[in-house]
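Below you'll find the structure, written out as structure tokens, and then a few comments.
The values are calculated or read from the model by the stated rules, or taken from the named source; none is laboratory data. Treat the numbers as computed from the prediction; the structure is a model and nothing was measured. In this analysis, Cβ positions are derived from the backbone assuming ideal geometry, glycine residues included, and neighbour counts consider all displayed protein chains. Remember, those area values only see protein heavy atoms, side chains included, never the ligands or the DNA or RNA. Shrake-Rupley method; radii C 1.70, N 1.55, O 1.52, S 1.80 Å.
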Amino acid sequence: MKKVILYIFFILVCFTQTAFAGFMPTLTNSINHYGIGAARITNYITVYEKPDLNSKVKTRIYWNNIGHFIVENEKNPNPNDIFLVYLPKENIAFLSAEDEDEEWINICYNQKKGLFGWVKKENGNSYVKFYLYKDLIFEYGKKYGFYIFRNLPSDFKTLHSSPNNDSNVVDDFNYPKYISPWLVQGNWMLAKVTTMDNQTKTGWFKWRSETGKLFGFVNFR
């Protein structure tokens, strides 16, 4: 009964809130918390203080495919503060993830404030799937492609012959049109890069720093 009431509340509030456009990170500082991976969430999740259904509920997040969303206990939440990726029209929403086990995922549900909690992978109608970033690239990058952030320094826009800094630089890709991942090894990605003038180049480049900072993301658009 409580869940039904919450859903009704969600629907009513949606009609009074302004719809937000979809959000994708575009700059290296777009993401405040990187974590070890990403959690793809359904339209309704409950965030707990501990990996225990009897622990305190920290918040609930609701969203729908026309861009309305609610974060309990947050007034006028901004999707850029909450999500890694938020594309409601495509039914895609990801949160950064700090840890996981067989049943639970530790997520960051507000990057700006640094708020963390646990979500159950399967909890009623709610289903959350965890991806290490390399697995996210492997599963979705081959379908959608990969893009680099706009302010990535040119030093990182080079293609190497092998996945290490000491290998030969075989080319660069200052203005990539499309990046198609082939293989991910550590912080390196083997990819075919199509430039704005439709040239194709192949080699290894760093998609992430040694500290876990992302240089780009799966191009879900």
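Worth a mention:
- Computed from phi, the 3J(HN,Hα) profile of the stretch 199-206 under the Karplus parametrisation 6.51, -1.76, 1.60 (θ = phi - 60°) reads 7, 10, 9, 10, x, 9, 9, 7 Hz, with x in place of Gly and Pro.
- Calculated accessible area for the stretch 87-163 comes out at 50 Å² per residue, all protein chains present (probe 1.4 Å; ligands, DNA, RNA ignored).
- Highest mean packing comes first when the peptides 190-199, 136-145 are listed by Cβ atoms within 10 Å, giving 136-145, 190-199.
- For the stretch 96-104, the Karplus equation 6.51 cos²θ - 1.76 cosθ + 1.60, evaluated at θ = phi - 60°, returns couplings of 6, 10, 9, 6, 7, 9, 5, 10, 10 Hz by residue, with Gly and Pro reported as x.
- Viscosity 0.692 mPa s, temperature 37 °C, Stokes-Einstein D of the chain from Kirkwood C-alpha radius, µm²/s: 178 µm²/s
- 0 to 90° range, to nearest 10: angle between helix 2-14 axis and the chain longest Cα axis: 70 degrees
- Alpha carbon centroid spacing (whole Å) that separates the stretch 127-157 from the stretch 160-221: 10 Å
- If R0 is taken as 30 Å, the Cβ-Cβ distance between ASN32 and LEU183 corresponds to a FRET efficiency of 0.55.
- Per-residue ellipticity at 222 nm, computed for the chain from helices alone with -39500 (n - 2.57) per DSSP H run of at least four residues, works out to -2500 deg cm²/dmol.
- Our coupling estimate for the stretch 153-161, obtained by passing each phi through the Karplus curve with A = 6.51, B = -1.76, C = 1.60 and θ = phi - 60°, is x, 4, 4, 8, 9, 10, 9, 9, 6 Hz, Gly and Pro reported as x.
- Mean accessible surface per residue for the stretch 171-221, computed with a 1.4 Å probe while every protein chain stays in place, in Å²: 51 Å²
- Counting only residues at least eight positions apart within a chain, or on another chain, the aspartates and glutamates with an alpha carbon under 19 Å from that of LYS50 are GLU72, GLU98, ASP99, GLU100, ASP101, GLU102, GLU103, GLU122.
- Gaussian network model of the chain, Cα within-10 Å springs - most flexible of THR28, THR202, THR211: THR211
- With a simple spin-label model that places each label point 7 Å from the Cα along the Cα-to-Cβ direction, the separation between THR195 and ASN76 comes to 4.6 nm.
- Spatially close Lys pairs in the stretch 103-221, defined by Cα atoms under 14 Å apart and a spacing of eight or more places or different chains, total 15.
- Accessible area of the chain belonging to carbon and sulfur atoms, whole % at 1.4 Å probe: 50 percent
- Whether the stretch 88-209 is rounded, prolate or oblate, judged on the alpha carbon gyration tensor where a/c under 1.5 counts as rounded: prolate
- Checking every one of the trypsin sites (Lys or Arg not before Pro) in the stretch 24-60 against DSSP loop status and a limit of 13 other Cβ atoms within 10 Å picks out LYS56.
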